[in-house]
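Engineer: Shown below is the structure under consideration.
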Amino acid sequence: MPGNDRYAILFEPVQIGPVTAKNRFYQVPHCNGLGHLRPRAEAAMRGMKAAGGWAVVSTQETEIHPSSDLSPYPEQRIWDASDIPALRRMTEAVHEHGALAAIQLVHNGHHARNHLSRAPILGVRDMIGVASYPRQARAMDKADIRAFRGWHRAAALRAREAGFDIVYAYAAHNMTILQHFLSARMNDRTDEYGGSLENRARLLREVLEETREAVGDTCAVALRFAVDEMMGADGMQAHEEGRAVVEMLAGLPDLWDVNVSGWENDSVTSRFEPQDGYQIPYIEFVKQVTTRPVVATGRLNSPDLMVSLVRRGIVDFIGAARPSIADPFLPEKIRTGRIDEIRECIGCNVCVSCDSLTVPIRCTQNPTMGEEWRRGWHPERIAPADEPRAVLVIGGGPAGLECAMQLARRGYEVTLAEAESELGGRALKESRLHGLAAWRRVVDHRLFDLRQRANVRLFTDSRLTAADVAETGIADVFLATGAAWRRDGRGRSAMTPLDLDPALPVFTPDDVLDGRLPAPGPVMIFDDELGYLGGVLAEHLAVAGQRVIFVTSAAMVSPYTELTLEQSRVQRALIEAGVEIVTGHRLVSTSGQGALLHCVHSGRERHMACGAVLMVTERLRDVTLHEELQTMAGRFRTLTLIGDAAAPGLIADAVWDGHRAAREFDAGDGGGSFFRRELVLGEG
């Protein structure tokens, strides 16, 4: 290992039952929108992590039977032998780089949808399912329990045949039948599978014993277990029943993968849990009561924290889902002393949103995530320029920074000009809002890289005119000039500008981001965009002492944040901050005294007094310079709009678009083609 041995402990091999992990970096199971629908993309993404140094690389939850059908969500499947070839693609891709492949077997109980299979939904008791669909789960009788045990055992055998080294039993995230049986609040059975904790743990014990018997001494058996449901006395708690379960089953699995439930707690955003390693207080007892190796997560980005956790005897493995997405090569960068190059996870949960949307995974920090197979993108490699020459990037926001960094990596002479006094654009400004400090990492990672390169020149306070651009003599220009929030109220609910009285001040998010705040007095935020920013601004102003009225055309606050597992936290935070919330209303007009609202369902009018309105509706692309440059025929070889200037979206969209533009420039990587598809019939 180059340099000192400060991190050498992280690269020690660790025995897991009959198999050995080459180091302590463990990519725990995580969903990704690929799964059984996109097995080539799944294999390439997991294989990239193995190439990056992760010693164990896991699938996401893998359905063992049609009665645990999660359609339309494309998780993994091992229903029968026909699923083995697709799964073998993943194990071979992982083994190619000397890593172990793990599979997380699951039956989801009443959490399953069964929309595709139409099988009866099975549960620990008769209960309503979790989907917004009027079907109930039926209580599993003894025959159902025997069948489930058989399905799990058969799936373990198929997993071994597919080449997996570690086979999971899964009792976490409030999503699995094994956890449902453990739960006193769900399990009201009066047979030997209900009542006492020992009885409630009976099914889990049987599954662990039968899985071990099935895979013999060829595969390790892992248990993913939520030690705390984060519900206080209403659920399992880490230092009470959680600890008792670990003590009861301590030696049965070869590895304990421990976390907290539900998924919204295990993968909480940095907005609501800013501390990396936030799960440690809940799981630190586990190694005290088992001799088996332990893996845990909690958005672990810092190598020093990783070393501390191992040395203190809290974990044997550094578990990661989101940090492994943000930087698949995190272990290799630590091993080779390139810690400053790590793309740290910002905890935004854009990755999670893709599973919710049933589309391929993506990441704000790592624009290559999910593109490994379909576009052939590598997170650490990019095709060199055939003919290195000067390029100009105008705009130093997330799209401009990413584009400039990748063009520089390809060998072009890059000049980046930013109109404002700081580089970072909206990513930098939004990171100053309440709860979003971790988003600064988007800027810091790219600026660090750019400032190390001799072929990069960075200029701030440089608002270029068309004449200025022409005077540079640079023929290839990328315009990341961004977008500005509309002040006239046009947006989702209004196709034309609203009737706004000049006597009532109107603000936009840009005003707040630039430090221009409404005067004391009630400020009404009208959120018609329905993303995350309206809720962030409401909390930011309320925490600063403003009285805030939050009006939205949606039925809830910030509906986009359902996809990132934080909507309930967002709405609760606003309530606790004293924000008055008015849902299901659109802004129609203003007067000097306040605003006129209409109910989106009935059209009924409602007048509300306020001292100012903050519009969060729609953005206008800044394309003036681009249009002026287009009139200079023959002066430029390339004029490319990127990021919000091309199409306003998330910061993740802007970063991705800047990356794509740099790769496709001069057909360097991708050739301007779209992407390969995985077709049901024929080759993708």
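Engineer: With the Cα gyration tensor of the chain giving a ≥ b ≥ c as the square roots of its eigenvalues, does the rule (a/c under 1.5 for rounded; else a/b larger than b/c for prolate; else oblate) give rounded, prolate or oblate?
Structural biologist: Note, shape of the chain comes out oblate.
Engineer: Would you mind ranking Leu517, Leu70 so that the residue whose beta carbon has the fewest other beta carbons within 10 Å leads the list?
Structural biologist: Numbers: Leu517 16, Leu70 24.
Ascending number of Cβ neighbours within 10 Å: Leu517, Leu70.
Engineer: Can I ask one more? If the cut-off is 18 Å between C-alpha atoms, which lysines fall inside it for Lys333, apart from same-chain ones fewer than 8 positions away?
Structural biologist: Counting by Cα, and skipping residues close in sequence, Lys333 has these lysines nearby: Lys22, Lys49.
Engineer: Also, I was wondering about something else. Counting other beta carbons within 10 Å of each Cβ, put Tyr133, Tyr168, Tyr26, Tyr7 in order, fewest first.
Structural biologist: Placing the least packed residue first, the sequence is Tyr133, Tyr7, Tyr168, Tyr26.
Engineer: Which is farthest toward the positive dipole end of the chain among Leu641, Ala55, Pro502, measuring Cα position about the Cα centre, with Cβ charges +1 (Lys, Arg) and -1 (Asp, Glu)?
Structural biologist: Sorting the options by dipole projection puts first Ala55.
Engineer: Determine the shape class of the range 198-341: with a ≥ b ≥ c the square roots of the Cα gyration tensor eigenvalues, call it rounded for a/c under 1.5, and otherwise prolate if a/b is greater than b/c, oblate otherwise.
Structural biologist: Numbers: a/c = 2.07, a/b = 1.38, b/c = 1.49.
Oblate, since a/c reaches 1.5 and b/c is not below a/b.
Engineer: Between Thr465 and Ala131, what length in nm is gained on full extension when 0.36 nm per residue of separation is reduced by their alpha carbon distance?
Structural biologist: 114.8 nm
Engineer: Quick check for me: using +1 on Lys/Arg Cβ and -1 on Asp/Glu Cβ, what's the dipole size of the range 485-620 about its Cα centre, in debye to the nearest 20?
Structural biologist: 160 debye
Engineer: Counting only DSSP beta bridges with both residues in the chain, tell me the antiparallel percent, nearest 5.
Structural biologist: Bridges in the chain that DSSP calls antiparallel: roughly 20 percent.
Engineer: Could I have the simple spin-label model distance between Asp386 and Arg205, label points 7 Å from Cα toward Cβ, reported in nm to one decimal?
Structural biologist: 6.9 nm
Engineer: Helix-only estimate, please: 222 nm mean residue ellipticity of the chain, summing -39500 (n - 2.57) across DSSP H runs of length 4 or more and dividing by its residues, to the nearest 500.
Structural biologist: -8500 deg cm²/dmol
Engineer: For a test of the definition: using alpha carbon positions, the gyration tensor, and the 1.5 limit on a/c, classify the range 485-620 as rounded, prolate or oblate.
Structural biologist: Verdict is rounded for the range 485-620.
Engineer: Related question: Most exposed first by the Cβ proxy, i.e. fewest other Cβ within 10 Å, how do His173, His601, His95 rank?
Structural biologist: His601, His95, His173
Engineer: Projecting each Cα onto the charge dipole of the range 8-347 (Lys/Arg +1, Asp/Glu -1 at the beta carbon, about the Cα centre), which of Ile283, Ile84, Val14 comes out farthest on the positive side?
Structural biologist: Ile84
Engineer: Further, regarding this structure: So what's the net charge close to Arg113: Lys and Arg +1, Asp and Glu -1, counting the other residues with Cβ under 9 Å from its Cβ?
Structural biologist: That sum, taken over residues with Cβ under 9 Å, equals 0.
Engineer: Taking Cα atoms, how many degrees apart are the long axis of helix 398-410 and the longest axis of the chain, rounded to 10 and kept between 0 and 90?
Structural biologist: Result, in degrees: 80.
Values quoted throughout were computed directly from the atomic coordinates according to the rules given, and no laboratory measurement underlies them. Only a predicted model underlies this, so the values are computations on that prediction, with no experimental measurement involved. Note: ideal-geometry Cβ built from the backbone for every residue, glycine included; neighbour counts use all protein chains shown.
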